[in-house]
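**Student:** My structure is below; once you've seen it, I'll send some questions.
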Amino acid sequence: MDEAIAQSDRAGAIEPVSAGRALIIQLVHTFYADVRADPILGPTFDAVIGDRWGPHLARMVEFWCTVMLETRSFKGNVFARHMAVPGVTPGHFSRWLAYWFSRTNALFLPAAAVVLQRAALGIAKMLYRGYFGAGAHFEAIVSEAREAARVGKPRALPARDSCS
């Protein structure tokens, strides 16, 4: 990621960056604030993370720095950790993606937002297939999330509990 990632034409955005890490920190913290405040996602994340949000956020910063900045500072098995979380529904995925799309669109130039979104979509698709199988309507979840992010209403998404 280079200086083109910074959103310099929006109010409150960070200037073009050698501060790629600073933007990722901002993204992770604001995104997870949205997740925690969500009536569907919040309880699921809190049940798993409990009072360890500080270490979790630091770990997520390292994860996204590894993905986007190639720092290789994250070590772990993302798939196994997530497959151990009980009660996950398709609705969790649409909401998570909607918040991710909203935050990346707000903080990054379009080209960088797309790169972050593609990375998240790849991860989400892998996890979604782990929970629900390959033919489980992932594209419908993505469309729903994109539309909710576009209109600024991730919280209005239905609490889907099935893949249809």
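**Student:** Has the stretch 70-88 got any residue that is among the aromatic types (F, W, Y), outside any helix (DSSP H, G or I) and closer than 21 Å to L23 by Cβ? Reasoning before the result, please.
**Tutor:** Residues of the stretch 70-88 that are among the aromatic types (F, W, Y), as a first pass: 74, 79.
When the remaining residues are screened for being outside any helix (DSSP H, G or I), the result is 74.
Adding the requirement that they be closer than 21 Å to L23 by Cβ leaves 74.
Scanning the stretch 70-88 turns up at least one residue that is among the aromatic types (F, W, Y), outside any helix (DSSP H, G or I) and closer than 21 Å to L23 by Cβ.
**Student:** Of everything in the stretch 89-109 that's not in a helix (DSSP H, G or I) and not aliphatic (A, V, I, L, M), which residue is farthest from I49 (Cα to Cα)? It would help to see each step written out before you state the result.
**Tutor:** Taking the stretch 89-109 and keeping what is not in a helix (DSSP H, G or I), we get 89, 108-109.
If we keep only those that are not aliphatic (A, V, I, L, M) too, we end up with 89, 108.
Numbers: T89: 18, F108: 28 Å.
Ranking the candidates gives F108 first.
**Student:** Okay, moving on. Tally the residues that are open to solvent by 50 Å² or more (accessible area, probe 1.4 Å) and free of Cβ contacts under 8 Å to residues at least 40 places away in the same chain, restricting the search to the stretch 55-70.
**Tutor:** 4
**Student:** Taking the stretch 97-111 as the search range and keeping residues that are open to solvent by 10 Å² or more (accessible area, probe 1.4 Å) and of a type in the set (G, A, S), which one is farthest from the chain's Cα centre (by Cα)?
**Tutor:** Ranking the candidates gives A111 first.
**Student:** Hey, could you check the stretch 112-151 for residues that are hydroxyl-bearing (S, T, Y) and open to solvent by 30 Å² or more (accessible area, probe 1.4 Å) and say which is farthest from V88 (Cα to Cα)? Break it down stepwise before answering.
**Tutor:** First, pick out the residues of the stretch 112-151 that are hydroxyl-bearing (S, T, Y): 128, 131, 143.
Still in the running and open to solvent by 30 Å² or more (accessible area, probe 1.4 Å): 131, 143.
On the way: Y131: 8, S143: 19 Å.
Ranking the qualifying residues of the stretch 112-151, first place goes to S143.
**Student:** Residue by residue through the stretch 35-80, note down the ones that are of a type in the set (D, E) and more than 21 Å from V115 (Cα to Cα).
**Tutor:** Restricting attention to the stretch 35-80, the residues satisfying the condition of being of a type in the set (D, E) are 38, 46, 51, 62, 70.
The answer is D38, D46, D51.
**Student:** Mind telling me which of the residues A120, A136, A112 ends up being more than 15 Å from K153 (Cα to Cα), in a helix (DSSP H, G or I) and modelled with pLDDT under 90?
**Tutor:** Numbers: A120 fails: modelled with pLDDT under 90; A136 fails: in a helix (DSSP H, G or I).
On inspection, the qualifying residue turns out to be A112.
**Student:** Same structure, new question: Against the definition (in a helix (DSSP H, G or I), surrounded by 16 or more Cβ atoms within 10 Å (Cβ to Cβ) and basic (K, R)), how does R36 come out, yes or no? Talk me through it step by step, then tell me what you get.
**Tutor:** Numbers: in a helix (DSSP H, G or I): yes; surrounded by 16 or more Cβ atoms within 10 Å (Cβ to Cβ): no; basic (K, R): yes.
No; evaluated as a whole, the condition is false for this residue.
**Student:** Also: What single numbered condition from (1) in contact (Cβ under 8 Å) with a residue 24 or more places away in the chain; (2) within 19 Å of D46 (Cβ to Cβ) fails to hold for R81?
**Tutor:** (1)
**Student:** Could you please find all residues in the stretch 72-95 being open to solvent by less than 60 Å² (accessible area, probe 1.4 Å), modelled with pLDDT under 80 and aromatic (F, W, Y)?
**Tutor:** F74 - this is the single residue of the stretch 72-95 that is open to solvent by less than 60 Å² (accessible area, probe 1.4 Å), modelled with pLDDT under 80 and aromatic (F, W, Y).
**Student:** For L69, indicate whether it is over 12 Å from the mean Cα position of the chain (by Cα), modelled with pLDDT of 85 or more and farther than 22 Å from Y128 by Cα. Write out each step before concluding.
**Tutor:** On the way: over 12 Å from the mean Cα position of the chain (by Cα): yes; modelled with pLDDT of 85 or more: no; farther than 22 Å from Y128 by Cα: yes.
In short, no.
**Student:** Given the residues R129, R59, which is the only one that is closer than 15 Å to Y32 by Cα, at pLDDT 90 or above and not small (G, A, S)? Walk me through how you get there before you give the answer.
**Tutor:** Working: R129 fails: closer than 15 Å to Y32 by Cα.
Criteria check complete, one pass: R59.
The values are calculated or read from the model by the stated rules, or taken from the named source; none is laboratory data. As the structure is a computational prediction, the values presented were derived from the model and not from experiment. In this analysis, Cβ positions are derived from the backbone assuming ideal geometry, glycine residues included, and neighbour counts consider all displayed protein chains. For the accessible areas, the whole protein counts, side chains as well, though only heavy atoms, and no ligand, DNA or RNA atoms are used. Shrake-Rupley method; radii C 1.70, N 1.55, O 1.52, S 1.80 Å.
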